[in-house]
Amino acid sequence: MSLSSQPRATVHTLGCRLNQAESQLLRDRLEREGYTVVPWGQPADLGIINTCTVTREADAKCRKTIRQFIQRNPHAFTAVIGCYSQMGAKAIAEIEGVDLIVGNQDKLSVIEHARLGKSERPVILRERISAADFAITFVGDLPSTLRANLKIQDGCDFYCSFCIIPTARGRARSRDWENTLAEARELAANGVREVVLTGVNIGTYHSQGHDLVALVDALDTIEGLDRVRISSIEPTTVELALLDRMADPAHALVPYLHLPLQSGSDPVLQRMRRKYSVAEYAAFVAEARRRVPDLCLGTDILVGSDGETAAHFQETCDFFWQQPFAYCHVFPYSEREGTLAVKRQRNDPACVVPVEERQQRVARLRRLSAAKRHDYDAGYLGETVEILVEQPRDGLWPGYTANYVRVLAQADASFGDLRNQLVRVRLERLSADFAEGTVVEVVGRPVAAAV
Ligand code: SF4
């Protein structure tokens, strides 16, 4: 333990937004339990590493992170939780110094288990993941970050051929309706103005007769909550009513759709067991753009999956380039034991795309994505846009528009502290990472006060 009376704890997150949301819940609970939560990298008495197993690289990164923590904090209690704990507990247990390994079912109770103290051998808690809907005990009276993740769902029943998530996170299940809204109200009461809805397959949300459309409508009525963002949603699960909410400027749901494509080639989509064809995806995008003209459309693409030829990949590049995407997140295919794709590869090694080829394809698509992102941001130059301001950096004010233009603004000192304010910014130029401009008005504040 540290010399200070309060033990110090630190939480590190690998992987998705859902993990980030869960890690934030843990940080809040740790504070409530009397720990001082310190940033990752500072000495700590308790380290919790929330892991990811989406690729082999993710597994390796988890192991490296665990080792680094133990090396820097040899006397600390080291707990490893999350998807890699669920799937790779044996490999984690081989790392000297690990005290506790908790799978996904029990990950949020890691603090209680950590109280047991260090032991000779790591304790492994890996229960069968329940298929039941769930509620989360949250801590409502602590200051939160100004843009908060709100976990509403977990698990997936789609079983795409390359994906280990249904095994690692279990069946699709939803967070209890009242429990979800109660946390959203607490977040808003603590000053949070934007929530990002997180889950594995959010479009399947269903609790006590309420679907996702009902949920965003209920969130829309919460005082102080200006923006609701859906982190990512499967193409076949988006209700048209959701698009209409995005199109309504008075509704809190922002015009942002991250719609995983995975491939722009039908044979590959079929092998992946995705639930749509390229033409169906394109038709949906056209409808979404028709209903929501200001929409930011982003996507995920998986390259080098089994059986993806150079011609298939070219189709994906062409489709990505032709469609109105603002960006894509590109992932190289990675073999995950237990998936249909790996079984297929065993039977037919010729379908395996070499790792170097996967990397070259990733690099090419990332270049296309950067060009798209540049064009998307450039389309707003000369306009005045509204951003929600985040933490200042070097005297400038960063923030996102509702439709996800990344803005960095300068402001006259007379505007004062702009953190967590909605401000209007005139966009003047592009830098590598931002559309840059000048604050012209704080929304809801008389213009004269700013002069
Ligand atoms: S929809 Fe497919 S890719 Fe997404 S979590 Fe479910 S199985 Fe995995």
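The values are calculated or read from the model by the stated rules, or taken from the named source; none is laboratory data. Computed from a predicted model, the values in this text were never measured in an experiment. Please note: Cβ atoms are built from the backbone with ideal geometry, for glycine as well, and neighbour counts cover all protein chains shown. Each accessible area value is taken on the protein alone, full model and side chains, heavy atoms only, with ligands, DNA and RNA left out. Shrake-Rupley method; radii C 1.70, N 1.55, O 1.52, S 1.80 Å.
Positive end of the dipole of the chain (Cβ unit charges, origin at the Cα centre): among A310, Q323, P392, the Cα lying farthest that way belongs to A310. Couplings 3J(HN,Hα) of segment 47-56, computed from phi: x, 10, 10, 9, 9, 10, 9, 5, 9, 5 Hz, in residue order, whole Hz [Karplus 6.51 cos²θ - 1.76 cosθ + 1.60, θ = phi - 60°; x for Gly and Pro].
What do the square roots of 5 times the Cα gyration tensor eigenvalues come to for segment 135-232, in whole Å, largest first, as semi-axes of the equivalent ellipsoid? Before the final figure, lay out the partial values.
Values: eigenvalues 124, 38, 29 Å².
Over the Cα atoms of segment 135-232, the semi-axes work out to 25, 14, 12 Å.
The convex hull around the C-alpha trace of segment 220-286, projected and averaged over every direction, spans 4.9 square nanometres.
The distance between label points at E127 and E280 comes to 3.7 nm (points 7 Å beyond Cα on the Cα→Cβ vector). In this calculation the C-beta distance from D157 to D248 is compared with R0 = 22 Å, giving a FRET efficiency of 0.10.
One quarter of the convex hull surface, Cα atoms only: what value does that give for segment 174-290 in nm²?
Numbers: hull surface 29.6 nm².
In nm², the orientation-averaged hull projection of segment 174-290 is 7.4.
Each principal axis of the Cα atoms in the chain has its own extent, and those three values, largest first, are 66, 61, 44 angstrom.
In the chain, what percent of the accessible surface is made up of carbon and sulfur (1.4 Å probe, ligands and nucleic acids excluded)? Carbon and sulfur atoms account for 50 percent of the accessible area of the chain. Between D375 and Q391, the simple spin-label model (points 7 angstrom out along Cα→Cβ) gives 3.5 nm.
FRET efficiency for the Q314 to Q6 pair, using the beta carbon distance and R₀ = 56 Å, is estimated at 0.45. The phi-based Karplus calculation (6.51 cos²θ - 1.76 cosθ + 1.60; θ = phi - 60°) puts the 3J(HN,Hα) values of segment 296-313 at 9, 10, x, 7, 10, 10, 9, 10, x, 5, 4, x, 7, 7, 4, 5, 4, 5 Hz, whole numbers, x for Gly and Pro.
Write down the accessible area per residue of the chain in Å², having rolled a 1.4 Å probe over the full set of protein chains. Can you show the working numbers first?
Numbers: 19890 Å² over 451 residues.
Per residue, the chain has an accessible area of 44 Å².
Measuring with a 1.4 angstrom probe and ignoring ligands and nucleic acids, H113 comes out at about 50 Å² accessible.
Between V342 and E112, what is the FRET efficiency for a Förster distance of 35 Å, r being their Cβ-Cβ separation, to the nearest 0.05? Write down the numbers at each step before the final one.
Values: r = 36 Å, r/R0 = 1.02.
E between V342 and E112, to the nearest 0.05, is 0.45.
Charges were assigned to the Cβ only: +1 to each Lys and Arg, -1 to each Asp and Glu. The resulting dipole of the chain about its Cα centre is roughly 1160 debye. With both labels modelled 7 Å from their Cα along Cα-to-Cβ, the R366 to T438 distance reads 3.7 nm. Net charge within 9 Å of L253 by Cβ-Cβ distance, Lys/Arg positive one each and Asp/Glu negative one each, not counting L253 itself? Local net charge: 0.
Along each principal axis, taking the top coordinate minus the bottom one, the Cα set of segment 8-125 gives 36, 32, 25 Å in descending order. For the chain, the cysteines with no partner cysteine C-beta closer than 4.7 Å are C16, C52, C62, C83, C156, C296, C317, C328, C351. In terms of packing, defined here as the mean over residues of other Cβ atoms within 10 angstrom, the peptides 343-351, 189-197, 275-283 line up highest first as 189-197, 275-283, 343-351. Averaging the sequence gap over all C-alpha pairs within less than 8 Å and six or more residues apart, then dividing by the number of residues, gives the chain a relative contact order of 9 percent.
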